[in-house]
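Below is one structure, written out as structure tokens; the observations come after it.
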Amino acid sequence: MAQLSDDCFAFGGALMRIEDAASLIAARLPVLAGTEWVSLVDADGRVAAEDVVAGHDVPPFANSAVDGYAVRHADLDGNGETRLPVLGRLPAGAVPDALAASGGAVRIFTGAALPPGADTVFMQEDVRREGDAVLLPQGLKPGANARAAGEDVARGERIIAAGRRLVPQDLALAAATGHARLPVRTRLRVALFSTGDELAEPGTPLGLGAIHDSNRVMLAALLGRLGVRVDDLGILRDAPEPLARRLADAARDHDLILTSGGVSTGEEDHVRTAVEAVGQLLFWRLAIKPGRPVAMGLVDGTPFVGLPGNPVAVYVTLLFVVRPLLARLGGASVVPPVPQKVRAAFAYRKKSGRREFVRVTLAPGPDGVMEVHKFPREGAGLLTSLTQSDGLAELPDDVIGVAPGDTVAFYPHAILW
Ligand code: AMP
Ligand code: MG
């Protein structure tokens with residue numbers, strides 16, 4: 001397996017921009033995922049492990065794009081209607097005979113191979129049939145309504161680039177070009193923990209001071225959408241010793257260990273002590289809000305990421321930091337989501353020098369232009385701010401505020417997964 005160097009997460013600066021985090025990840029971390037061959041339908045959502053090339057032309061042969069009559073354009077009268085005898089009939093799938101030496105038309109249907117010599121097809125709506133002959137109007141261009149062999153894809157052309165996350169359209173193209181199986185990256189195995197003495201399993205009664213663990217199910221679901229295999233390993237209590245042991249156990253058979261909570265720098269933040277006991281830990285002070293700090297480390301050579309505890313910070317850091325990390329380890333190209341440009345319908349002040357993600361709802365303004373409204377409350381612990389918003393507005397590092405009417409970048413929730 002590829003090795004991670006002890007200093008792979010080292011970073012000299014004070015505050016780290018998310019772009020720096022992503023490029024550091026891409027430069028220093030190896031691809032850990034292997035390769036396996038799967039059927040086309042099982043390849044949906046997986047990452048292509050190699051470039052894939054077309055095994056043959058698509059379409060494989062010249063064919064008709066319409067139901068009508070195939071002819072040789074050279075046989076048409078340039079000055080008026082042309083009358084040609086109908087010499088044959090070609091439904092889709094039929095093997096064409098040679099078109100008579102000259103002067104004939106063949107009744108043809110969409111997808112049928114053009115008879116040798118034919119280059120142009122009249123639509124059936126545009127012609128008149130008279131017994132065994134067909135009357136063709138003047139003015140159709142050579143090649144009309146015909147599809148050339150290889151006009152979509154030529155044999156040998158690259159149809160899928162290594163690292164691409166496969167979508168249903170790719171599977172169709174792979175099928176059309178002769179493939180029944182594809183080489184994809186094996187799924188990363190991610191060990192997932194929550195940390196905190198206050199946490200109780202969902203559905204269990206709450207004692208005073210306890211809350212239900214909500215981060216873990218959100219993370220498991222998000223990670224599933226990002227294409228990894230999640231092992232839900234439960235809650236780690238705030239005690240360094242067992243915590244260190246459980247992390248070391250998880251390191252043995254996972255590609256990444258992910259925790260939430262316990263990584264601020266308070267004295268009750270035991271994850272730090274535990275990771276330091278069994279590996280290395282570095283805090284990335286990300287220049288984002290909500291989100292910092294995120295702890296990055298190695299436990300017995302396995303990458304470790306400690307996310308903050310507050311649910312909104314968990315959501316943002318998973319999507320903007322862990323997502324590129326998973327892409328790298330999993331051999332996927334990093335494709336940053338493309339935000340929509342929309343109008344802000346709110347005023348907001350922020351500090352310069354850090355990126356802020358504001359939870360917003362999207363609606364048309366009085367003039368019909370789409371605009372975003374800020375979720376009315378602020379806290380990084382408010383789960384309703386994630387369920388009642390449509391996405392995140394991104395306020396750049398260097399701005400100190402937003403005024404109504406400003407253009408902002410808007411990420412709908414789902415494009416971040
Ligand atoms: P911490 O970083 O451990 O100090 O946690 C910060 C805040 O997030 C505290 O209010 C925690 O109770 C809360 N928190 C931590 N982990 C979870 C979790 N798994 N589910 C819900 N809230 C959590
Ligand atoms: Mg805690």
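The values are calculated or read from the model by the stated rules, or taken from the named source; none is laboratory data. Since the model is a prediction, treat every value here as computed from it, not as a measurement. Cβ placement follows ideal geometry from the backbone for every residue including glycine, while neighbour counts extend to all protein chains displayed. We work out accessible area using only protein heavy atoms, side chains counted, and drop any ligands, DNA or RNA first. Shrake-Rupley method; radii C 1.70, N 1.55, O 1.52, S 1.80 Å.
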Summed residue charge, Cβ within 12 Å of ARG343's Cβ, Lys/Arg positive, Asp/Glu negative: -2
Accessible area expressed per residue, the range 340-416, with surrounding protein chains retained (probe 1.4 Å, Å²): 49
Efficiency of FRET between ALA220 and PHE61 - r from beta-carbon atoms, R0 51 angstrom, step 0.05: 0.55
Scaled radius of gyration (Cα, divided by 2.2 N^0.38 Å) that the chain gives: 1.39
Translational D in µm²/s for the range 292-335 (Stokes-Einstein at 4 °C, 1.567 mPa s, Kirkwood Rh from C-alpha pairs): 116
Rounded percent of accessible protein surface that carbon and sulfur make up, the range 340-416, 1.4 Å probe: 59
Placed amide H near VAL127: partners under 5 Å, 5+ positions off or other chain: none
List ARG46, ARG155, ARG164, ordered by accessible area with a 1.4 Å probe, largest first: ARG155, ARG164, ARG46
Exposure ranking of LYS350, LYS141 by accessible area [1.4 Å probe, largest first]: LYS141, LYS350
Additional length obtainable on full extension of the chain from SER352 to TRP417, 0.36 nm per residue less Cα span: 20.6 nm
Rg/Rh ratio calculated on Cα atoms of the range 63-147 (Kirkwood radius): 0.91
With DNA, RNA and ligands ignored, accessible area of ILE211 (1.4 Å probe; Å², nearest 10): 90
Full-stretch length increase - ALA403, VAL86 - with 0.36 nm per residue and alpha-carbon distance subtracted: 107.0 nm
Potential extension, ALA277-LYS341 segment - 0.36 nm per residue separation minus Cα distance: 18.4 nm
Net charge, ASP238 excluded, C-beta distance under 10 Å - Lys, Arg +1, Asp, Glu -1: -3
Estimated inter-spin distance, GLU378 and ILE211, nm [label 7 Å along Cα→Cβ]: 1.7
Calculated FRET efficiency for the pair ALA148/GLN3, C-beta based, R₀ 56 Å, to 0.05: 0.65
Cα-only radius of gyration and Dmax that characterise the range 76-225, units Å: 30.6, 94
